[in-house]
Number of protein chains: 2
Amino acid sequence: MYSVEEARDVLVAHSKVITKTTYLPLLSCLGKVLAEDARAVYDQPPFPRSPLDGYALRGEETNGASKESPKQFRVIGKIYAGQCFDGKVGAGEAVRIMTGAPIPEGANTVIRQEWTDFGEDVVEIYGQSKPFSDYCPQGEDYQAGDVLIKKGSVIDGTSIAILASLGYAQCLVYEAPRVGIISTGDEVIEPGSSMIPGKIYDSNLNYICARLLEKGCQPMFAIHAKDDPANVSDIIKKLAPECDLIITTGGVSVGEKDIMHEVEELVATKKLFWKVKIKPGAPTLSFICGETPVVCLSGNPFGAAANFELLVRPILYKMTGNPVWNMPVLHMEIQNDFKKGRCRRFLRAHYENDKVWLPEGNHASGAISSMLGCNCLVEISESAEHGVSKGDIVCVHLL
Amino acid sequence: MYSVEEARDVLVAHSKVITKTTYLPLLSCLGKVLAEDARAVYDQPPFPRSPLDGYALRGEETNGASKESPKQFRVIGKIYAGQCFDGKVGAGEAVRIMTGAPIPEGANTVIRQEWTDFGEDVVEIYGQSKPFSDYCPQGEDYQAGDVLIKKGSVIDGTSIAILASLGYAQCLVYEAPRVGIISTGDEVIEPGSSMIPGKIYDSNLNYICARLLEKGCQPMFAIHAKDDPANVSDIIKKLAPECDLIITTGGVSVGEKDIMHEVEELVATKKLFWKVKIKPGAPTLSFICGETPVVCLSGNPFGAAANFELLVRPILYKMTGNPVWNMPVLHMEIQNDFKKGRCRRFLRAHYENDKVWLPEGNHASGAISSMLGCNCLVEISESAEHGVSKGDIVCVHLL
């Protein structure tokens with residue numbers, strides 16, 4: 001039986017990086033993966049820039065200036081941000097300059113206006129400034145030719161800002177993985193339909209769709225299928241060529257109605273694994289159909305949810321060329337006891353201010369209400385014979 | 001001059017909770033705020049449920065059963081998940097049952113099939129089980145009438161799963177705040193246009209739009225305006241009645257072109273504050289126009305970005321009824337020196353494995369390239385006279 005890491009590595013090894021690309025308007029690229037290096041065409045700032053409002057001049061000429069012994073300069077021009085000064089600043093000359101404006105040729109610093117008499121034709125300077133001290137050099141932030149964002153990066157708000165500053169109005173991005181989702185189970189009915197005795201509403205299908213949407217993937221299809229191996233096999237065989245990944249829920253345990261084993265025999269071109277050494281969601285099954293990985297998650301909601309984070313998310317990240325496959329991991333002090341041990345376990349939890357809490361109440365893997373408000377998974381290692389106690393430092397995976 | 005917390009509290013106090021609601025299909029509710037209590041209509045599970053594949057019977061009748069001295073039961077039926085058994089399990093009787101199926105009346109536990117001979121008419125039981133031990137009681141997860149998700153909660157993937165399990169096909173949600181964005185600055189030109197000497201591309205407008213999109217708000221309008229107080233005032237006056245919040249960037253410092261002070265005089269019905277005791281972005285200005293809060297962020301990209309997180313995000317959260325206004329705060333060991341002190345400062349940084357790094361290179365508040373890959377802000381307190389050193393424990397605000 002594989003460990004989580006082994007199962008993840010097998011899945012990642014069998015997942016292909018998406019190569020299809022498309023141009024999208026800048027803001028529509030949010031959450032997508034950049035398919036080209038974003039390279040600076042100009043220096044940033046594109047010119048030596050004034051960091052403040054004042055007077056641009058030659059710093060060496062301010063030596064010894066003070067309120068008591070001011071120095072005078074002839075003001076030969078005035079520029080605001082967005083303007084340029086055509087001339088050159090010579091000895092004894094200054095240009096009135098505003099924050100963000102290009103420092104004119106000849107000048108090498110800016111005296112802040114608070115140290116002057118705000119003179120319009122002639123200005124009195126009450127302080128001294130070394131050359132290049134109040135001066136943002138051209139290319140201080142980055143230089144023409146620099147790669148600022150590498151191909152394969154996920155585009156977040158900051159990337160959007162940088163791409164905009166580079167002049168990008170649209171970007172080449174990878175298309176999102178095409179993911180199909182099938183929930184199984186004769187006991188499952190669609191939310192919105194009337195309740196029938198013995199049935200439950202389908203939460204897994206909606207959960208997996210929601211998590212995919214949160215991860216920037218628009219599901220290709222999301223359907224519920226009855227516990228009929230031939231029917232589920234037909235769906236998978238028909239859709240696999242159109243999908244980069246298929247996720248199913250339910251039918252992976254050892255019961256008579258655990259149809260996914262039969263489905264696997266009907267459609268798998270390669271079996272990857274059945275069962276992973278964790279709770280919940282141990283019976284996760286995985287195989288390849290044609291060239292498409294199929295991950296069959298447990299039907300119990302938390303089992304499906306935990307394995308989505310631990311096994312499916314790395315596939316999505318690999319497919320989009322994102323090198324960081326895992327959730328961020330931190331260590332925090334746990335605020336409750338959890339006394340089941342001898343098995344590697346992931347528990348839903350909530351962290352805040354360096355501490356982590358397990359929700360009160362039902363921790364059965366089938367209980368979905370206690371997942372609410374959880375923002376992380378707490379990992380209990382196999383070696384923790386008696387679980388963990390309040391005050392222990394535990395491993396926290398941020399969702 | 002206000003502290004960040006004082007400025008935030010003033011803004012939050014002047015921000016109204018959105019009251020307009022709308023029904024959306026379940027998956028479209030992702031990221032929105034629930035406008036009704038989500039209440040269970042049925043118990044979950046809606047019936048006592050079998051946690052495994054086996055035989056439902058009366059636990060007390062298995063006392064003493066073992067491989068050596070099995071007990072026999074008459075199998076009076078067979079049910080799968082999604083089915084119901086009409087009869088009642090009497091003394092000496094058992095019903096073949098699969099995981100997820102309702103435990104029939106009369107039975108009070110399920111013997112796992114591995115402890116039986118899998119008998120079809122008569123089954124031999126090789127193990128004993130106490131009443132209600134392998135038995136998920138009706139309502140174990142939640143009960144009819146329970147409020148599972150409170151009005152005002154942000155709907156994440158888990159909420160979607162719970163709402164689905166309650167049978168919701170659509171939900172009543174609050175409309176997102178209507179936010180308008182204006183970037184100012186004559187030096188700023190639109191990405192995609194040709195570079196002109198002295199100009200820079202507008203990154204702030206796109207950054208703020210992107211962060212709003214990431215926070216579930218679709219900007220109402222996003223425009224660039226020249227440094228003309230009358231023009232910017234007209235835009236704000238015209239659009240304020242249609243907006244819940246207006247954000248501007250640039251023009252808030254003390255220069256001649258810092259037009260937002262004049263704009264404030266032209267349109268403000270109430271001034272809130274100018275200047276906040278932090279770096280970067282200290283000159284943030286805020287006022288009310290009509291009933292709409294206007295937050296004027298600094299034009300330097302990191303100043304705008306940091307103040308968006310510290311001041312604007314709390315407004316958005318308040319408006320959507322979310323009680324958690326702040327970023328999650330953790331404490332971690334910093335991996336670089338940062339030697340500027342005596343001023344409360346927020347630095348962009350990257351955390352991983354309980355540690356936090358400041359990016360190498362330029363930390364000037366105008367430099368946007370070093371924001372890339374940052375997932376948190378490190379707070380340096382005013383009392384840190386000489387900044388912080390590698391190995392210090394610092395306060396980390398997760399973005």
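The values are calculated or read from the model by the stated rules, or taken from the named source; none is laboratory data. Note that the coordinates shown come from a computational prediction; the quantities given were computed from them, not determined experimentally. A quick note on method: Cβ atoms are made from the backbone with ideal geometry, for glycine too, and the neighbour counts reach across all protein chains shown. These area figures cover heavy atoms from the full protein model, side chains too; ligands, DNA and RNA do not enter into them. Shrake-Rupley method; radii C 1.70, N 1.55, O 1.52, S 1.80 Å.
Miscellaneous remarks
- Evaluation of B:Gly251 against the conditions (1) touching a Cys at 6+ places or on another chain (Cβ under 6 Å); (2) at positive phi shows that the sole unmet condition is (1).
- Test: residue in the stretch B:49-61 that is part of a loop (DSSP other than H, G, I, E, B) and touching a helix residue (DSSP H, G or I) at 6+ places or on another chain (Cβ under 8 Å): yes
- Within the stretch A:1-36, the residues that satisfy the criterion of being in a strand (DSSP E or B) and either over 30 Å from A:Phe273 (Cα atoms) or open to solvent by 50 Å² or more (accessible area, probe 1.4 Å) (or both) are A:Tyr2, A:Thr21, A:Thr22, A:Tyr23, A:Leu24, A:Pro25, A:Leu34.
- Residue check: B:Arg39 meets all listed conditions (1) in contact with a Leu (Cβ under 8 Å, 6 or more places away or on another chain); (2) surrounded by 20 or more Cβ atoms within 10 Å (Cβ to Cβ); (3) more than 18 Å from B:Phe132 (Cβ to Cβ) but one, namely (2).
- Subset of the stretch A:211-226 [of a type in the set (Asp, Glu) and more than 9 Å from chain B (Cβ to nearest Cβ)]: none
- Within the stretch A:154-199, being touching a Ser or Thr at 6+ places or on another chain (Cβ under 7 Å) and facing chain B (nearest Cβ under 7 Å) holds for A:Ser159, A:Ala161, A:Ile162, A:Ala164, A:Ser165.
- Set side by side, the residues A:Met220, A:Met195 differ, and just one is open to solvent by 40 Å² or more (accessible area, probe 1.4 Å) and either of a type in the set (Gly, Ala, Ser) or out of contact with any Leu (no Cβ under 9 Å at 6 or more places or on another chain) (or both), which is A:Met195.
- Residues of the stretch B:77-95 satisfying the condition of being open to solvent by less than 50 Å² (accessible area, probe 1.4 Å) and over 16 Å from A:Glu187 (Cα atoms): B:Gly77, B:Gly87, B:Val89, B:Gly90, B:Gly92, B:Glu93, B:Ala94, B:Val95
- Positions within the stretch A:138-155 being modelled with pLDDT of 90 or more and buried (at least 20 other Cβ atoms within 10 Å of the Cβ), in sequence order: A:Leu148, A:Ile149, A:Ile155
- The condition (being within 14 Å of chain A (Cβ to nearest Cβ), among the aliphatic types (A, V, I, L, M) and farther than 22 Å from B:Asn322 by Cα) is satisfied by just one residue among B:Ala65, B:Ala81, B:Ala38, B:Ala94: B:Ala81.
- Those residues of the stretch B:314-344 which are of a type in the set (D, E, K, R) and more than 12 Å from chain A (Cβ to nearest Cβ), in sequence order: B:Lys318, B:Asp337, B:Lys339, B:Lys340, B:Arg342, B:Arg344
- In the set (1) out of contact with any strand residue (DSSP E or B) (no Cβ under 7 Å at 6 or more places or on another chain); (2) more than 14 Å from chain B (Cβ to nearest Cβ); (3) touching a residue at least 60 places away in the same chain (Cβ under 8 Å), the condition left unmet by A:Val10 is number (1).
- Top-ranked residue in the stretch A:279-303 [being among the small types (Gly, Ala, Ser) and closer than 16 Å to A:Leu245 by Cα; ranked as modelled with the highest pLDDT]: A:Ser286
- Filtered residues of the stretch B:70-88 (kept if over 18 Å from B:Pro51 (Cβ atoms) and either assigned to a strand (DSSP E or B) or small (Gly, Ala, Ser) (or both)): B:Lys71, B:Gln72, B:Phe73, B:Arg74, B:Val75, B:Ile76, B:Gly77, B:Gly87
- Residue in the stretch A:230-251 that is of a type in the set (Gly, Ala, Ser) and touching a Pro at 6+ places or on another chain (Cβ under 8 Å) present: no
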